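The values are calculated or read from the model by the stated rules, or taken from the named source; none is laboratory data. Everything numeric in this text was worked out from a predicted model, so none of it was measured. Here the Cβ positions follow ideal geometry from the backbone for every residue, glycine too, while neighbour counts run over all protein chains shown. Just so you know, the surface numbers come from the protein's heavy atoms only, side chains and all, with ligands and any DNA or RNA stripped out. Shrake-Rupley method; radii C 1.70, N 1.55, O 1.52, S 1.80 Å.
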Amino acid sequence: MQNLLSELSTRKLRPTSIAHDASAPKVTGCMSEESATQYQSTCLDANVEEWLDLLGDLTFATAYCPLTVEDGRMLVSAFELFNKAHQAQQETFEFPEDMLAHARQIADRLQPVIAAIRESFSYHTSPAPVFIKLSSRSFKDAPVTQTAIRTKFLDLVAKSPDSSENTKLICMLQAGLDGLKVYDAYDAVMLMMRSERVCQDMLLALDHLHRWRENIVVRQWVDIDVGMEFRCFVFDSKLTAISQYNHLCHFPFLVDNADAIKSKLLEFFESSVRQKLDGHFKNYIIDFAVTDDRVWIIELNPFLETTDGALFSWQTERGLLEGQNPQVEFRVRTAPAFGAKAMIANDWRQLLEIKS
């Protein structure tokens, strides 16, 4: 939910009408063709298919629904249509029937995969939700377009002890996370069609058809506190830095328990993660989630500036991230961020400004 700032150039990726996702694979104007290819290969190397088998039960139960090249092209075209209507502030929008028919075809393939994952874990509601992403990233930018997210946000704010900006940010994260619960395959495909992140990742994959192995990734749903996700930086197979993932929010319990959380994450990485990835990944960014009973691996990301640095700066602290400090740096936000609302994407900022 970071502010979306970066822009893809036209050298390797065809631009959409808005192309400003800071985590999107990109190419700078001064990058050579060889460097551009290497850069984008590094992005593809972090796709879930490249690391899932190595990590086994350290992450969530997962199954794949393969995407065809035609599926990828449809998802790109769908977002371009949706975005054009969104930018024009159209009050209503409907995808053309041929796209809806294609979406139904994808959903028909996806629904059995959802059913299979549901059978692999227990949950306190029935049917259980699942989490769905593509090979690279989730479509977490799409749920804000749902009325249900706004309703959930207002409900959370109404139940909160205060209406400070920090509290609203936390409620926004919780509502956005709730919006990623998937119960129906067709609903999931419709969210993909509204996601800039999906569009950009499909553009990258379509420009590397020799490596096409794109999937809809269906994962076990685990309830995770939005304050208990962490971004970990690994350079030369050494854990160098850890930040709270949702870094615009202040979570007092993180401050109070910082030492214990740091120790838990370090022990998990050294005892369970590092050796499994040695020989396969050397420089990477890995996201963890801590629940009551364990630590989960969420995903791997490329060790590139397009991966959000959270509470670290790629521009001024690259040396730290590359292990020049002898100790692992662990950071949490110790007080509410000044002007945090200005640093989030416009759609989410509008959500914060809704009057309860």
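Given (1) closer than 18 Å to Leu203 by Cα; (2) surrounded by 12 or more Cβ atoms within 10 Å (Cβ to Cβ); (3) not β-branched (Val, Ile, Thr), where does Glu70 come up short, assuming only one miss?
So Glu70 meets the others, but not (2).
Name, by its number, the condition in (1) modelled with pLDDT under 95; (2) hydrophobic (A, V, I, L, M, F, W, C); (3) more than 19 Å from Arg349 (Cβ to Cβ); (4) buried (at least 16 other Cβ atoms within 10 Å of the Cβ) that does not hold for Val144.
For Val144, the failing item is (3).
In segment 107-135, what count of residues is obtained for those that are open to solvent by less than 40 Å² (accessible area, probe 1.4 Å) and either more than 17 Å from Val189 (Cβ to Cβ) or in contact with a Leu (Cβ under 7 Å, 6 or more places away or on another chain) (or both)? So that I can check it myself, show each step before the final result.
Step one: of segment 107-135, the residues open to solvent by less than 40 Å² (accessible area, probe 1.4 Å) are 107, 110, 113-114, 117, 121, 128-130, 132-135.
Among the residues that remain, those that are also either more than 17 Å from Val189 (Cβ to Cβ) or in contact with a Leu (Cβ under 7 Å, 6 or more places away or on another chain) (or both) are: 121, 128.
The qualifying residues number 2.
Determine which member of the set Lys152, Lys159, Lys140 is among the charged types (D, E, K, R), out of contact with any Leu (no Cβ under 8 Å at 6 or more places or on another chain), in contact (Cβ under 8 Å) with a residue 12 or more places away in the chain and under 25 Å from Cys249 (Cα atoms). Working first, answer last.
Details: Lys159 fails: in contact (Cβ under 8 Å) with a residue 12 or more places away in the chain; Lys140 fails: out of contact with any Leu (no Cβ under 8 Å at 6 or more places or on another chain).
Within the list Lys152, Lys159, Lys140, the selection yields Lys152.
In segment 45-93, what count of residues is obtained for those that are in contact with a strand residue (DSSP E or B) (Cβ under 9 Å, 6 or more places away or on another chain), closer than 25 Å to Ile286 by Cβ and among the aliphatic types (A, V, I, L, M)?
Summing the residues that are in contact with a strand residue (DSSP E or B) (Cβ under 9 Å, 6 or more places away or on another chain), closer than 25 Å to Ile286 by Cβ and among the aliphatic types (A, V, I, L, M) in segment 45-93 gives 8.
Examine segment 327-337 for a residue that is at pLDDT below 95 and open to solvent by less than 70 Å² (accessible area, probe 1.4 Å), and state whether such a residue exists.
yes
Please pick out the residue among Asp223, Asp178, Asp236 that is open to solvent by 10 Å² or more (accessible area, probe 1.4 Å), under 21 Å from Ile285 (Cα atoms) and either touching a Gly at 6+ places or on another chain (Cβ under 8 Å) or in contact (Cβ under 8 Å) with a residue 12 or more places away in the chain (or both).
Working: Asp223 fails: under 21 Å from Ile285 (Cα atoms); Asp178 fails: under 21 Å from Ile285 (Cα atoms).
Answer to the check: Asp236.
The rows are residues; the columns are (1) free of Cβ contacts under 8 Å to residues at least 40 places away in the same chain; (2) of a type in the set (A, V, I, L, M); (3) over 13 Å from Val332 (Cα atoms); (4) open to solvent by 40 Å² or more (accessible area, probe 1.4 Å).
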| residue | (1), (2), (3), (4) |
| --- | --- |
| Ile285 | no, yes, yes, no |
| Arg294 | yes, no, yes, yes |
| Leu304 | no, yes, yes, no |
| Thr307 | no, no, yes, no |
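So Trp348 ticks every box in (1) buried (at least 19 other Cβ atoms within 10 Å of the Cβ); (2) at pLDDT 95 or above; (3) among the hydrophobic types (A, V, I, L, M, F, W, C) but one. Which box is left unticked?
Condition not satisfied by Trp348: (2).
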